[in-house]
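One structure is given here, and the rest of the page talks about it.
The values are calculated or read from the model by the stated rules, or taken from the named source; none is laboratory data. Values in this document were obtained by computation on a predicted structure and should not be read as measured data. With ideal geometry, Cβ positions are generated from the backbone for all residues, glycine too; neighbour counts draw on all protein chains shown.
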Amino acid sequence: MAIFNLNINGTSKQVDVDPTTPMLWVLRDHLDLVGTKFGCGIAQCGACTIHLDGNAMRSCQLPVSAVADSKITTIEGLSEQGDHPVQQAWLEHDVPQCGYCQAGQIMSAAALLASNPNPSDTDIDNAMNGNICRCGTYTRIKAAIKTASQKL
Amino acid sequence: MTQSVDKLNRRSFLKVSALAGGGLLLSFNWLGGCNPKELEELGLPKEWFRLNGYIKIGENGLVTLMSPNPEGGQNVKTSMPMIVAEELDADWTKVVVEQAPLDTDNFTRQFIGGSQAIRMGWKALRTAGATARQLLIHAASQTWNVPASEITTEPGFLIHSASGKKAHFGEMASLAATLPVPEEVPLKEISEFKLIGKSHQNVEAKNIITGKPLFGIDYKKEGMQIAMIIHPPAHGMRLKSFDDSAARNLSGITDIFQIKSHQDDYERTFFDTTSFTDLVAVVGKSTWEVMNAKKAVQVEWEEFSTYDEKRDWNGRKENRTIPGGMESWEDQLAKMGVAAKKAKTLRKDGNPEAAFAEAAKVIEQTYRGPFLAHNCMEPMNFFAHVHDGKADCAGPLQKPELTEQALSSRLGIPIENIQIEMTRLGGGYGRRSYAHWLIEAAVISQKVNAPIKLIYSREDDMTGGIYRPMYQAIYRAALDKYNNLIGFHVNAGGLVEPPIYPDRFPAGAVENYWAEEWTVPSNITVGSFRAPRSNFIAAAEQSFLDEVAEAAGKDPIDFRLELLQKAKENPVGENNDYDPDRYAGVLELVKAKSNWGSTQAGISRGVSAYFCHNSYAAQVLDLKLENGQVQVEKVYNALDCGLLINPDSAKNLCEGSVVDGIGTAMFGELKFNQGLPDKRNFDQYRMIRMKEAPKEIETHFVESQVDPTGLGEPGYPPVFAALANALYQATGKRFYDQPFAKQLEG
C-alpha cells in the first residue's frame, strides 16, 4: 500500500492503495466516483474512459502509480452542471438506451472535439472505435458528436 | 370508454407498501425528473399523498409516478409513467419518476422479457392514472360543493368552469387519498391523448450523461465488501478442491470459501439455470484486491459424469439429463446432423411428401447459427445483505418476481422477508433473467454475515454459460412448373433448445407445409437471448425465402406479399400465428419508403420481414462492398407495434435492433473446444463498433390505433436476413452460416 495524491476533477484527493491498482478501481472503490464504468478490464470496450491531461485514456489499464501530477477528469467533472456541449448534444439526441457505456462514449467524444473541433466521419469513427455500445446507439452518438461540434 | 378498476388497482389504494419511497435505495438519485429546472423551482413537497401504487402527489402539486418494471434500455421508465400521466392528466413538467421496488401487492409482471411491458401494462397503467384522476375530481367536488360531472381537468389542474374555481392537483390530494375508489372509471379516447404519441426525453438521460450511480454495479452500502467467484474454466467440469494458502493472507482479503448456489436436489424452475453450482468465493475490501487474490487461488477441477437435474417447467415436471463429457464444436455439429434425422413433427398441412415428389423444382438449404454470449456491458453483479432472517438485495434483474422464490428456497427465508430493489440494468438481452448471481451473492453474504456486492469479471461473465443455443435449420421448398410454391418444409433444432415456431409465416400460406424439430442434449447451458428462437429462425427463413423467390423468378417483396395474400384470403390450416394484413403492411411500408425497385450504383439491397412478440417488422438494407469490407449505407426500418407511445424513443430502440442484428450476424460466435469457450473477453469476441454500424437508419411506423405492443425484440430478428440477402446481391454468394464475416474474409 502507498499514499498517492491525485488531482481529480480539479480537486486534490489522497488515497492509500496498492500501487498497481488501476485508476478505474481507485475512482470507483476508493473515491465513490462510479460514473466511470467497468466493462472489460483490458482496454477493449471504453466504458472506463477518463481524461488524463485532456487525453482520452482507458482507466482500467492505468495504474495509480503512473498518474503522478497529471490532471484526471471523469464524467462527474466534465462540466459542473452537466452542460458540456457534448452532454447537451447527448440530451438533444436522447442518445442512451441502457446508458452503461455512455459516460465512456461522452469522454471519448469530448476529448476528440477538444483536439479536433470539426471532425470528419472518419475522424469520428476512429476516435470512437474503442467504445462499444451494446445497445447499438452508434448512429445517435455520431449525430450528437456532430451537433456538439457545431456548438463548440 | 370506461374501464373496471381491477383488484390490483383497488388493493393498491388500501395498502401503502412499506417500501414506498425507495427504502434501501434512498442513496440513489430518485429525481428521474422530466424537467429538472422546473422541478427545482417547485421544490420538494412537505408531504406526499399516495393515491395508488403508481401515484403520489405532493401538496405543492409535484407528482411522483412509480415505474413498475425494471429498466434496461427499453425506456419503460419513461414510457410506462407517460401512460399513467396521460390518464391522470398530469403536467409532465411536474412529474418525477421513481423506480418501484419488487412489490407484488401493488404491481403485476415486473419483468423484462418478451417485449411485453407496454402491451401487458397498458390497461393497468391507464386505469391507475384514470382512477387517481377521478379521486381528485371527487375531492374537488366535495370541497367546492359542485357536481363531479361538472369538473374537468387540464394538465395538473382541476377546473369548475361555471364558478371559475381552479386548483392544482396538490391542493386536492390529501382529501383524494381518503376517498373510496370508484368501481369504474372513464378512459380517454385516443384523440384526447396529449402525452402519448409525442416524443418525451428519457427521464434518466441527465443522470446517465453526468455519471450518476444508477446501476447495480454502482451500489454501495456502509460496511459493504466486494465478492467475486471462481467458476470452472470449461463446461463439463466441476470443482474438486482448492488451495487458498497463497491468497488468504493477501492484502484486503477477508475470506475465501466454497459455496453452492443450488442444493443438488433443488427442483429448478424456468429461470433457475446455472452452469456451475459449486464455486469458490473470494471476499475482500476492494475489487482490485479481490481480483488479485482470485488469481492466487489454486483450484482443481474434475470432469463430471452424466446426471439428472429436477426441473419444473411451468408446472411440467421433468428430469433433465445433463450429459457428462467435454464438448467440442465439431462433435456438436455432428450430433446436430444425426438428431435432424430423428425430428418430431410439429405441424403438417396437406401432403408435403407428395408435393416434393411432383415438384418441378426443389430448393434445399441448411442454415447454422453458433452459440452467442449476451455480453451486457455491465458485467453480472448483485448486492446482498442477509441478516437477522432477512435478505436485502439490490441490483439489475430482469425477472425479480421469479428469482425471489428461488432465493427464498435457497436461503430458507420467507419471501416476505426478502426485499429486492431494482437498479437500472446495463443491458439484459435475456442474460439477466437467470439470476444465479443473486443467489450466489446472498449465499456469500449469509456466510460472511456482512453486506457484499458480487461482481463478475468480463471473463467470468463471458465464459459462464447461458448462451443463445447453437442452431441448425434445413429448409426445403417445392415449386411447380408455374413457379408456385406448392410445398414448404423446415427441419430445425439446436443444442439444447429448438428454434421453431410452427404456426408462423409461411405456415398458412402454403398448401403442403411441414415443420419438424429436434434437440441435442448438452452440458453447455443455454437461455433466452433477445427474441429467443426468432433471432435465428428469422435469419434462416427470410434468407431462404429470398432464394426461393429468386428460383421462382419473382421479386422478393412481391413473392412474400403473394403468400400473405393467400394466407389472408384462403388460409391453410388452423392457428396461424400472424395477421397477414399487418405483416403485409410493414412490407408495403418499407417498399414505399426505400423506393424498392430503384437502383443506385455500387449499392446492394436486401429485404427481410418478421413477426414476433406481437409486433411486425420489415427492413431494407443497402450496403457497399469496398475492398472486401462491408459498409452498410442505409437501413429502412418499418414497424407495426400498434399505437406508438413515445415515438423518438421507439425509434432509438429500433435503430439499436438494427445495429445489434448486423453486429451479431457479422461477428457473433462462441465455440467450444473440449468444453473450453474459445472467447473470454472483447479482444476475442468481436462486437460491432461505430465504423461498422449503418451510416443511416430510417425508421417508420405503421399508423395504428391498435393497443400498443413492444419493440425490444421485434426489430431484431429480420436484420440478419436483410444483411444476408444484400450480401448475396453484392457477392453472388449466399450466406448460410453465421457469423457472416468469416465467410466474407475466408
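Descriptive notes on the structure:
- Single residue of the range B:618-638 satisfying the filter (within 21 Å of the chain's Cα centre (by Cα) and of a type in the set (Gly, Ala, Ser)) that is surrounded by the fewest Cβ atoms within 10 Å (Cβ to Cβ): B:638
- Scanning the range A:57-83 for residues that are within 14 Å of another protein chain (Cβ to nearest Cβ) and touching a residue at least 40 places away in the same chain (Cβ under 8 Å) returns A:58, A:62, A:63, A:64, A:65, A:72, A:73, A:74, A:75, A:76, A:77.
One line per residue, one yes/no per condition, for (1) buried (at least 18 other Cβ atoms within 10 Å of the Cβ); (2) on the phi > 0 side of the Ramachandran plot; (3) in contact with a Pro (Cβ under 6 Å, 6 or more places away or on another chain):
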{"site": "B:532", "(1), (2), (3)": "yes, no, no"}
{"site": "B:540", "(1), (2), (3)": "yes, no, no"}
{"site": "B:544", "(1), (2), (3)": "yes, no, no"}
{"site": "B:550", "(1), (2), (3)": "no, no, no"}
{"site": "B:553", "(1), (2), (3)": "no, yes, no"}
{"site": "B:557", "(1), (2), (3)": "yes, no, no"}
{"site": "B:560", "(1), (2), (3)": "yes, no, no"}
{"site": "B:569", "(1), (2), (3)": "no, no, no"}
{"site": "B:580", "(1), (2), (3)": "yes, no, no"}
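- Members of the range B:686-709 found to be among the small types (Gly, Ala, Ser) and within 14 Å of chain A (Cβ to nearest Cβ), listed by number: B:693
- Test for residue B:214: is it farther than 19 Å from residue B:460 by Cβ, touching an Asp or Glu at 6+ places or on another chain (Cβ under 9 Å) and not assigned by TED's automatic domain parsing to the domain that holds residue B:124: yes
- Considering the range A:97-112, and only residues there that are buried (at least 24 other Cβ atoms within 10 Å of the Cβ) and of a type outside the set (Gly, Ala, Ser), the residue that is nearest to residue B:427 (Cα to Cα) turns out to be A:98.
- The range B:609-641, residues that are of a type in the set (D, E, K, R) and either touching an Asp or Glu at 6+ places or on another chain (Cβ under 7 Å) or within 29 Å of residue B:501 (Cβ to Cβ) (or both): B:622, B:624, B:633, B:634, B:640
- Among residues of the range A:40-56 being under 13 Å from the mean Cα position of the chain (by Cα) and buried (at least 22 other Cβ atoms within 10 Å of the Cβ), the one that is farthest from residue A:105 (Cα to Cα) is A:51.
- Only residues that are under 24 Å from residue B:403 (Cβ atoms), acidic (Asp, Glu) and not in a strand (DSSP E or B) were counted across the range B:270-313, and they come to 1.
- If you go through the range B:418-476 and keep only what is away from chain A (no Cβ under 14 Å) and aromatic (Phe, Trp, Tyr), you end up with B:434, B:437, B:467, B:471, B:475.
- Filtered by the rule that a residue be under 22 Å from residue B:695 (Cβ atoms) and either touching a Cys at 6+ places or on another chain (Cβ under 6 Å) or more than 8 Å from chain B (Cβ to nearest Cβ) (or both), the range A:96-116 gives A:97, A:101, A:105, A:108, A:109, A:112, A:113, A:116.
- Check on residue A:42, closer than 21 Å to residue B:289 by Cβ, touching an Asp or Glu at 6+ places or on another chain (Cβ under 7 Å), free of Cβ contacts under 8 Å to residues at least 24 places away in the same chain and more than 9 Å from every other protein chain (Cβ to nearest Cβ): no
- Within the range A:1-21, the set of residues being surrounded by 11 or more Cβ atoms within 10 Å (Cβ to Cβ) and either more than 14 Å from chain B (Cβ to nearest Cβ) or acidic (Asp, Glu) (or both) comprises A:5, A:6, A:7, A:13, A:18.
- Among the residues of the range B:186-200, just one is loosely packed, with under 11 Cβ neighbours inside 10 Å and assigned to a loop (DSSP other than H, G, I, E, B), namely B:189.
- Test: residue in the range A:22-29 that is more than 10 Å from chain B (Cβ to nearest Cβ), free of Cβ contacts under 8 Å to residues at least 24 places away in the same chain and outside any loop (DSSP other than H, G, I, E, B): no
- Checked against the criterion of being small (Gly, Ala, Ser), within 30 Å of residue B:539 (Cα to Cα) and touching a residue at least 40 places away in the same chain (Cβ under 8 Å), the range B:405-426 contains one or more residues that satisfy it.
- Residue in the range A:43-62 that is among the β-branched types (Val, Ile, Thr) and in the same structural domain as residue A:10 (by TED's automatic domain parsing) present: yes
- Residue that is surrounded by the most Cβ atoms within 10 Å (Cβ to Cβ) [pool: residues in the range B:223-237 that are touching a helix residue (DSSP H, G or I) at 6+ places or on another chain (Cβ under 8 Å) and more than 16 Å from residue B:464 (Cα to Cα)]: B:227
- Residues within the range B:482-523 that are within 19 Å of residue B:470 (Cα to Cα) and in contact with a helix residue (DSSP H, G or I) (Cβ under 8 Å, 6 or more places away or on another chain), tallied: 13
- Selected residue [within 20 Å of residue B:193 (Cα to Cα), surrounded by 24 or more Cβ atoms within 10 Å (Cβ to Cβ) and not basic (Lys, Arg)] from B:73, B:121: B:121
- Selected residue (criterion: farthest from the other protein chains (Cβ to nearest Cβ)) from residues of the range A:129-152 that are outside any helix (DSSP H, G or I) and in contact (Cβ under 8 Å) with a residue 60 or more places away in the chain: A:152
Residues checked against (1) buried (at least 22 other Cβ atoms within 10 Å of the Cβ); (2) within 10 Å of another protein chain (Cβ to nearest Cβ):
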{"residue": "B:640", "(1), (2)": "yes, no"}
{"residue": "B:647", "(1), (2)": "no, no"}
{"residue": "B:651", "(1), (2)": "yes, yes"}
{"residue": "B:667", "(1), (2)": "no, no"}
{"residue": "B:674", "(1), (2)": "no, no"}
{"residue": "B:677", "(1), (2)": "yes, no"}
{"residue": "B:680", "(1), (2)": "no, yes"}
{"residue": "B:684", "(1), (2)": "no, yes"}
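- For the range B:704-738, filtered to residues that are surrounded by fewer than 22 Cβ atoms within 10 Å (Cβ to Cβ), of a type in the set (S, T, N, Q) and not in a loop (DSSP other than H, G, I, E, B), the residue that is nearest to the chain's Cα centre (by Cα) is B:729.
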